[in-house]
1. Is there any pair linking a residue in the range 69-82 that is under 23 Å from VAL57 (Cβ atoms) to one that is of a type in the set (Asp, Glu) and open to solvent by less than 80 Å² (accessible area, probe 1.4 Å), with Cβ under 8 Å and at least six apart or on different chains, and which?
2. Looking at (1) open to solvent by less than 30 Å² (accessible area, probe 1.4 Å); (2) under 25 Å from LYS189 (Cα atoms), which one does GLU210 not meet, given that it meets all the others?
3. Could you pull out the residue among GLY148, GLY166, GLY153 that is farther than 28 Å from TYR288 by Cβ, in a loop (DSSP other than H, G, I, E, B) and at pLDDT 95 or above?
4. Return yes when GLU38 is open to solvent by 40 Å² or more (accessible area, probe 1.4 Å), closer than 30 Å to GLY172 by Cα, touching a residue at least 60 places away in the same chain (Cβ under 8 Å) and not in a strand (DSSP E or B) and no when it is not.
5. Sort out which residues of the range 244-287 are part of a loop (DSSP other than H, G, I, E, B), within 23 Å of PHE204 (Cα to Cα) and touching a helix residue (DSSP H, G or I) at 6+ places or on another chain (Cβ under 6 Å), and write them in order of number.
6. Looking at the range 4-11, is at least one residue in contact (Cβ under 8 Å) with a residue 24 or more places away in the chain and either part of a strand (DSSP E or B) or among the aliphatic types (A, V, I, L, M) (or both)?
7. Taking the range 51-70 as the region of interest, how many residues are in a helix (DSSP H, G or I) and crowded, with 17+ Cβ neighbours inside 10 Å?
8. Among the numbered conditions (1) without any contact (Cβ under 8 Å) to a residue 40 or more places away in the chain; (2) among the small types (Gly, Ala, Ser); (3) touching a Cys at 6+ places or on another chain (Cβ under 8 Å), tell me where GLY132 comes up short.
Amino acid sequence: MSVSHSSRLNKGLREKYMKLPQGDMVQVTYIWIDGTGEDVRCKTKTLNYEPKSIEEVPEWNFAGSGTQQAEISNSDMYLVPVKMFRDPFCLDPNKLVMCEVLKDNRKPAETNLRHVCKRIMDIVSDHIPWFGMEQEYTLLGINGHPYGWPENGFPEQEGPYYCGVGADKAYGRDIVESHYKACLYAGVKIYGTNAEAVPSQWEFQVGPCEGIDMGDHLWMARFILHRVCEDFGVVATLDPKPMTGNWNGAGCHANYSTADMRKEGGLKHIEDAIEKLGKRHDYHICVYDPHGGKDNCRRLTGQLASSSIHEFFAGVANRGASIRIPRQVGQEGFGYFEDRRPAANCDPYAVTEAIVRTTILNETGSEKRDYWKN
């Protein structure tokens, strides 16, 4: 299996230096979404104090020309800290900081979808929207070949891998467990993980998070995943259909509820929200992956535990539906529902904003785009 050269370095030597005292100095790693809308970047600076709140982390800057976000002639962009976590790689008192990106005119960069999402979440805060997102991903060697798969040929077809146990069923559990512990240390609201239906495909869940916290915590969990994989010398891809053929795709299912949905009789509010979502299906498809549906159309075929990108329907306990109402919710009459349409590489800021716009703010414009059908 092809792994990176850096992963073969003697990690014991690194520990020698990591144990050195750092005095009163603190390393703060700034993390942001680059011009692809999918990848994260980071850089680290030293502070002579330990920040106790996000307000104590200073703004910084970076070269946007190196991240597909600016021209060389006007390259500097602002990093505005918005959420702080503990650093599971350099350990306390060091920090990881999620940032928004602003252009030279202090307006949000094109891939800074958090800015508007935060405004919308503030507007609907009285409804107390809760989210939980299920992030599927696939482990690859640096040569792009699925981790653990035969170099020539394919593993046994889907069946034994979902929540599987055993060396012939679960590929890369060391990575998964390391990521889980790192997220817990950081303070990310990770609440579970499991092996998925495809060998070397896994899922972790983040939530419940209220409002803007959903996007902040999921993006940080993704950053930590990529960093852990870097140590192991493999790659985590969020491609919605990493393997062509009769293999499941990868999604980022969004679980959602409002205060009214979580109360007795909340099923009526859930059904009302689903009806609204159905009327804006095309709009949601467009915002549920970074390329307006072009990626997700490879996954949402109506087969392999997915709905069709061209249709919308809901069902109790139906994992082939656009919207799944959990069986327990159907029986008890209140709770939450799951939107199964978001792609694995979605921007959670865009997904959560779209859901509350449709279900709470009652926006009805179609915003229909046809290119995702091609």
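The values are calculated or read from the model by the stated rules, or taken from the named source; none is laboratory data. Because the structure is a prediction, the values reported are computed rather than measured. Glycine gets a Cβ as well: all are built from the backbone with ideal geometry, and neighbour counts include every protein chain shown. These area figures cover heavy atoms from the full protein model, side chains too; ligands, DNA and RNA do not enter into them. Shrake-Rupley method; radii C 1.70, N 1.55, O 1.52, S 1.80 Å.
1. Partner pairs satisfying both residue conditions: GLN69/ASP34; LEU79/GLU100; VAL80/GLU100; VAL82/GLU100; VAL82/ASP216.
2. (1)
3. Going through GLY148, GLY166, GLY153 in turn, the sole match is GLY166.
4. yes
5. Selection gives THR258 alone.
6. Within the range 4-11, none of the residues are in contact (Cβ under 8 Å) with a residue 24 or more places away in the chain and either part of a strand (DSSP E or B) or among the aliphatic types (A, V, I, L, M) (or both).
7. Residues meeting the conditions: 1.
8. (1)
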